[in-house]
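K.L.:
Sharing a structure with you now.
The values are calculated or read from the model by the stated rules, or taken from the named source; none is laboratory data. Values in this document were obtained by computation on a predicted structure and should not be read as measured data. Note that each Cβ is placed from the backbone with ideal geometry, even for glycine, and that neighbours are counted across all protein chains shown. Areas reflect the complete protein model, heavy atoms only, side chains present, ligands, DNA and RNA absent. Shrake-Rupley method; radii C 1.70, N 1.55, O 1.52, S 1.80 Å.
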Amino acid sequence: MLCTGTAPDVQVTSITFTPSDIYTGGATSMQVTLTNLGPAMASNSVTLIDLPSTMAYVDGGEEPDCFPGSGNDLECDTGVLDPNQMVTYTFAILAVSDPLQSQQTVTATVNAPNDYNHLNDTNSGTLTVRACGDGVRQDNDEQCDDGNPTDGDGCTSCEVDPGYNCSENGS
């Protein structure tokens with residue numbers, strides 16, 4: 001006997017970042033994609049996006065149904081999703097402080113009334129945040145690190161500016 005659902009099944013399909021590797025103080029574009037896999041329409045769905053404390057929501061661009069929630073969360077009123085319909089939210093996110101670890105995880109959870117499959121309601125994406133400007137050169141990740149955020153001084157965004165050379169000692 002084959003059994004199939006008769007209700008919506010809204011899934012957090014993916015969370016991606018462009019670029020996926022940034023320095024503290026840098027921005028990235030985050031995309032959260034939802035898909036209704038169920039045979040029925042989903043309505044009144046809400047998506048909660050949990051940002052780490054080292055990241056901040058900057059702008060939702062064309063996302064009028066998304067707004068800052070409690071703490072460091074974003075909330076999106078997903079509205080109506082027809083069967084097999086997909087929606088993608090795009091946000092500008094800023095790395096505001098040096099993380100204790102370079103891999104930062106963002107988690108999104110959708111709450112859709114009558115959703116019969118809760119196993120796919122949550123998904124996460126990982127962003128690499130590097131601590132450029134702390135005066136410590138990270139092997140393989142930074143060409144230089146002069147300990148300041150000043151552009152054009154020989155080391156900008158941890159890359160050696162044209163016309164400059166950097167020593168091992170002083171970064």
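K.L.:
Every residue in region 132-152 that is within 20 Å of Q103 (Cβ to Cβ), of a type outside the set (D, E, K, R) and touching a Cys at 6+ places or on another chain (Cβ under 9 Å), please.
P.N.:
Answer for region 132-152, where residues must be within 20 Å of Q103 (Cβ to Cβ), of a type outside the set (D, E, K, R) and touching a Cys at 6+ places or on another chain (Cβ under 9 Å): C132, G133, Q138.
K.L.:
Go over the candidates T122, T109, T128 one by one and state the one that is under 27 Å from P52 (Cβ atoms), within 27 Å of the chain's Cα centre (by Cα) and modelled with pLDDT under 90. Give the derivation first.
P.N.:
Numbers: T122 fails: modelled with pLDDT under 90; T109 fails: modelled with pLDDT under 90.
Of T122, T109, T128, the one residue that is under 27 Å from P52 (Cβ atoms), within 27 Å of the chain's Cα centre (by Cα) and modelled with pLDDT under 90 is T128.
K.L.:
Mind counting the residues in region 19-28 that are within 12 Å of the chain's Cα centre (by Cα) and either more than 28 Å from L119 (Cβ to Cβ) or open to solvent by less than 60 Å² (accessible area, probe 1.4 Å) (or both)?
P.N.:
First, pick out the residues of region 19-28 that are within 12 Å of the chain's Cα centre (by Cα): 19-22, 27-28.
Filter again for either more than 28 Å from L119 (Cβ to Cβ) or open to solvent by less than 60 Å² (accessible area, probe 1.4 Å) (or both), leaving 19, 21-22, 27-28.
Total satisfying the criteria: 5.
K.L.:
Out of all the residues in region 71-83, is one or more within 30 Å of Q138 (Cα to Cα) and out of contact with any strand residue (DSSP E or B) (no Cβ under 8 Å at 6 or more places or on another chain)? Even if it seems obvious, please write down each step before you answer.
P.N.:
From region 71-83, those within 30 Å of Q138 (Cα to Cα) are 72; that's our starting set.
When the remaining residues are screened for being out of contact with any strand residue (DSSP E or B) (no Cβ under 8 Å at 6 or more places or on another chain), the result is none.
No: region 71-83 contains no residue that is within 30 Å of Q138 (Cα to Cα) and out of contact with any strand residue (DSSP E or B) (no Cβ under 8 Å at 6 or more places or on another chain).
Matching residues to (1) part of a loop (DSSP other than H, G, I, E, B); (2) of a type in the set (V, I, T); (3) in contact with a His (Cβ under 8 Å, 6 or more places away or on another chain):
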residue	(1), (2), (3)
V110	no, yes, no
N114	yes, no, no
L119	no, no, no
T128	no, yes, no
E142	yes, no, no
T150	yes, yes, no
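Results for (1) open to solvent by 30 Å² or more (accessible area, probe 1.4 Å); (2) closer than 26 Å to E75 by Cβ; (3) touching a residue at least 60 places away in the same chain (Cβ under 8 Å); (4) not hydroxyl-bearing (S, T, Y), shown as yes or no for each residue.
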residue: P113; (1), (2), (3), (4): yes, yes, yes, yes
residue: H118; (1), (2), (3), (4): yes, yes, no, yes
residue: D121; (1), (2), (3), (4): no, yes, yes, yes
residue: S124; (1), (2), (3), (4): yes, yes, yes, no
residue: C144; (1), (2), (3), (4): no, no, no, yes
residue: N148; (1), (2), (3), (4): yes, no, no, yes
residue: G152; (1), (2), (3), (4): yes, no, no, yes
residue: S157; (1), (2), (3), (4): yes, no, yes, no
residue: V160; (1), (2), (3), (4): yes, no, no, yes
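K.L.:
Ok, one more. Please work out which residue is modelled with the lowest pLDDT, limiting yourself to region 29-51 and to residues that are open to solvent by 10 Å² or more (accessible area, probe 1.4 Å) and of a type in the set (V, I, T).
P.N.:
V46
K.L.:
Considering each of T107, T54 in turn, give the residue that is of a type in the set (S, T, Y), touching a residue at least 40 places away in the same chain (Cβ under 8 Å) and under 30 Å from G135 (Cβ atoms).
P.N.:
Numbers: T107 fails: under 30 Å from G135 (Cβ atoms).
Exactly one of T107, T54 is of a type in the set (S, T, Y), touching a residue at least 40 places away in the same chain (Cβ under 8 Å) and under 30 Å from G135 (Cβ atoms), namely T54.
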